[in-house]
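To keep things clear, I will list the structure first and then write my remarks on it.
The values are calculated or read from the model by the stated rules, or taken from the named source; none is laboratory data. All values reported here derive from a predicted model rather than from experimental measurement. Note that we place each Cβ from the backbone using ideal geometry, even for glycine, and neighbour counts take in every protein chain shown.
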Amino acid sequence: MSDTLSNHITSNTLKFFSKKTRDRVLASSLVLFNERGFSNVTTASIAKHANVLEGSLWYHFNTKKDLLAEHLKILTDVFSIENKIVGSKDFKSIINGIFNSYEILWDFRYILRDDFQNTLQKNCDVLISVKRTNNYLDEWADERIRHSSKIGLLNIDSKNIENISEIILIIGRYWMDFSKKKYPNESISNLRLNGLNQIITVLSPFLNPAAKSIVSGLLITRDQFKTENIK
């Protein structure tokens, strides 16, 4: 994949795209939908970004709705891999899993952000899948907080769990778009790292002392990895 794509999509997601025309179209449309919004992107702009003929795009995908359907499948696959050990009691594994999961959410953020009610036919299969995916992600955030509290990684009163999970899920849905407008000259990698810091800011008052040390180490490692890639 091109450097342009790697600047916008994390490696865990990029692994699902090959250099074949179909995957180039999928990856390019994902970047453009994230940047401009699903309804504002044309098939011509996708073809241009993917460096393919528009006819080649139509050969693989009849409509933008078909691209959205494929993105939903890929999001589900990538997210499932990252969350396959949901019952882990290892603090580092849980924290790193949450970080990676939010990176994935930012890779597919248009699915969580855009309103498809006026774009897709009412009750069509893809619109139902969008709603199902968003509901699943809502439940995932809540479950991660509850599990972390149960094993002692977090010390949160049960009454506050839903509020905290909603706040960090909002960060997942809207952080990248908000921060790109506020900090237009900042790199995508820095915005992602700042987003993770925002999540930790919300969770910090409730973190186990041992977990705070793990969080600091993981953030430092990610910052170093980002710096090395820039070089």
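Below are the figures for this structure:
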{"item": "Which listed residue, of SER88, SER80, SER93, is outside any helix (DSSP H, G or I), modelled with pLDDT under 95, surrounded by fewer than 17 Cβ atoms within 10 Å (Cβ to Cβ) and of a type in the set (Ser, Thr, Tyr)", "result": "SER88"}
{"item": "Every pair of residues 6+ apart whose Cβ atoms lie under 9 Å, when the first sits in region 28-55 and is on the phi > 0 side of the Ramachandran plot and in a loop (DSSP other than H, G, I, E, B) while the second is hydroxyl-bearing (Ser, Thr, Tyr) and surrounded by fewer than 15 Cβ atoms within 10 Å (Cβ to Cβ)", "result": "ASN51/SER2"}
{"item": "Criterion (of a type in the set (D, E, K, R), more than 20 Å from the chain's Cα centre (by Cα) and closer than 23 Å to VAL202 by Cα) met by exactly one of ASP157, ASP142, ASP107", "result": "ASP157"}
{"item": "Members of region 110-139 found to be in contact (Cβ under 8 Å) with a residue 60 or more places away in the chain and closer than 30 Å to PRO205 by Cβ, listed by number", "result": "LEU112, ARG113"}
{"item": "Some residue of region 164-172 being of a type in the set (Asp, Glu), more than 22 Å from SER80 (Cα to Cα), surrounded by 12 or more Cβ atoms within 10 Å (Cβ to Cβ) and out of contact with any Ser or Thr (no Cβ under 7 Å at 6 or more places or on another chain)", "result": "no"}
{"item": "Failed criterion for PHE16 (all others in (1) part of a helix (DSSP H, G or I); (2) touching a residue at least 40 places away in the same chain (Cβ under 8 Å) hold)", "result": "(1)"}
